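Notes for the one structure printed next.
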Amino acid sequence: MDYRSEAPKVLRDFLTYHETIKGHSRATVDEYFLDLRNFFRFIKLERNLVPRSSDLEEISIDDVDLSFVGSVTLSEVYDYLAFLARDKVKNEQSREPEYGLKAASRARKISTLRSFYNYLTVKTKQLTSNPVADLDTPKVEKTLPRYLTLEESERLLSAVDGSNRERDYCILCLFLNCGLRISELIGLDDTDVRDDSVRVFGKGGKERIVYLNDACRDAVGAYRPVRQLMAGPDCRAFFVSNRRKRMSRDAVHAMVKKTLLKAGLDTSKYSSHKLRHTAATLMLQNGVDVRTVQEVLGHTNLNTTQIYTHIDNAELHIAADANPLANFRPSAGEEEKGGQKK
């Protein structure tokens, strides 16, 4: 998929702005394109500009121009959100049908529309009216991130085996100790991994240095000679597949899932990203300052990091124990009274 050839000009200019000026990653820009393409396909279908029997996935948006974009109403946007909430939608990544997107997914699509119309009305002033200016955002239920305990993390690392043991162990070690995103991990080049640190390129191409502890240094040292044998002559990637090329996102996901199963852990609850949650949680539980964890994880906003402080907050335990009723126990007579037979 290449938005530069597939998107009409009004969308292409917006997407190019985000990639070149705002510095957003190609993956983020592709998500924006998918969101906008799906939205304008829906609008064309609702306006009967294509046969009602048309498959949403097959509707072309080549004719979508500034005039069409500017004619969208708030009512049509709410109709689209209602469609997302209750009807079948194909997941662009898995290609599997889904029934009713969750509030968080709908909120993200609203964010894309807001950014698009803000670009047209504020940044470039191509439009004077913004149809999503008063759009309400679906209420997103806040949930705490799942993570592995220390014992479960050790079980996972101990479960690694097979012909690619050194590589797979190194991957899991970096996930659990350094909290890398999967995109950051597969994006590592051999030159990015040094004796005591890794140079990581995060969201928006932001660069940061993550230092390695003894376990990670040992894992990297054990994998390096294996990598030299695996990598093709022109391969710069640090983590290499059996095809002698850079490992893909899917390959890493599959390896993590396989190892989770071997460790007896629930793959419906845990994934590669949950290992990043685990790293953050273990650091905070063992006395690392939240701002330091923010730097390690590459979070732009401290609020993103602070969610991990609510998982196992020592102060909350202290508060519970400080309640004057914490040590109350019913007397023997009261226990007998409460449990006496009638």
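The values are calculated or read from the model by the stated rules, or taken from the named source; none is laboratory data. This structure is a prediction, so every number in the text was calculated from the model and none was measured. For neighbour counting, all protein chains shown are included, and Cβ atoms are generated from backbone atoms with ideal geometry for every residue, glycine included.
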* Structure fact -> segment 1-68: helices (runs of 4 or more DSSP H) wholly inside it with 3 or more residues that are under 22 Å from Thr121 (Cβ atoms) are 9-16, 26-46
* Asked: Which pairs do you get when a residue that is assigned by TED's automatic domain parsing to the domain that holds Met255 and farther than 15 Å from Val293 by Cβ, found in segment 163-182, comes within reach of a residue that is among the aliphatic types (A, V, I, L, M) and in a loop (DSSP other than H, G, I, E, B), reach meaning Cβ atoms under 7 angstrom, with the pair 6+ apart or on two chains?
  -> Asp168/Val160; Tyr169/Val160; Leu172/Val160; Leu174/Leu180
* Asked: Hey, which of the helices (runs of 4 or more DSSP H) in segment 70-163, taking only ones fully inside, have at least 2 residues that are aromatic (Phe, Trp, Tyr), surrounded by 17 or more Cβ atoms within 10 Å (Cβ to Cβ) and at pLDDT 95 or above?
  -> 103-118
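Being charged (D, E, K, R), within 19 Å of Gly204 (Cα to Cα) and not assigned by TED's automatic domain parsing to the domain that holds Glu184 is the requirement here; does Arg41 meet it?
Values: charged (D, E, K, R): yes; within 19 Å of Gly204 (Cα to Cα): no; not assigned by TED's automatic domain parsing to the domain that holds Glu184: yes.
When the stated conditions are applied, Arg41 does not pass them.
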* Structure fact -> Within segment 115-137, the count of residues that are closer than 23 Å to Thr28 by Cβ and charged (D, E, K, R) comes to 1
* Structure fact -> Flagged in segment 164-193 as at pLDDT 95 or above and aromatic (Phe, Trp, Tyr), in numbering order, are Tyr169
* So which residues in segment 245-272 are basic (Lys, Arg), within 16 Å of the chain's Cα centre (by Cα) and assigned to a helix (DSSP H, G or I), if there are any at all? -> Arg249
* **Selection within segment 197-244 - over 23 Å from the mean Cα position of the chain (by Cα), more than 14 Å from Cys170 (Cα to Cα) and part of a loop (DSSP other than H, G, I, E, B)** => Ala231, Gly232, Pro233, Asp234, Cys235, Arg236, Asn242, Arg243, Arg244
* Asked: Exactly one of (1) in contact with a strand residue (DSSP E or B) (Cβ under 8 Å, 6 or more places away or on another chain); (2) loosely packed, with under 15 Cβ neighbours inside 10 Å is unmet by His253. Its number?
  -> (1)
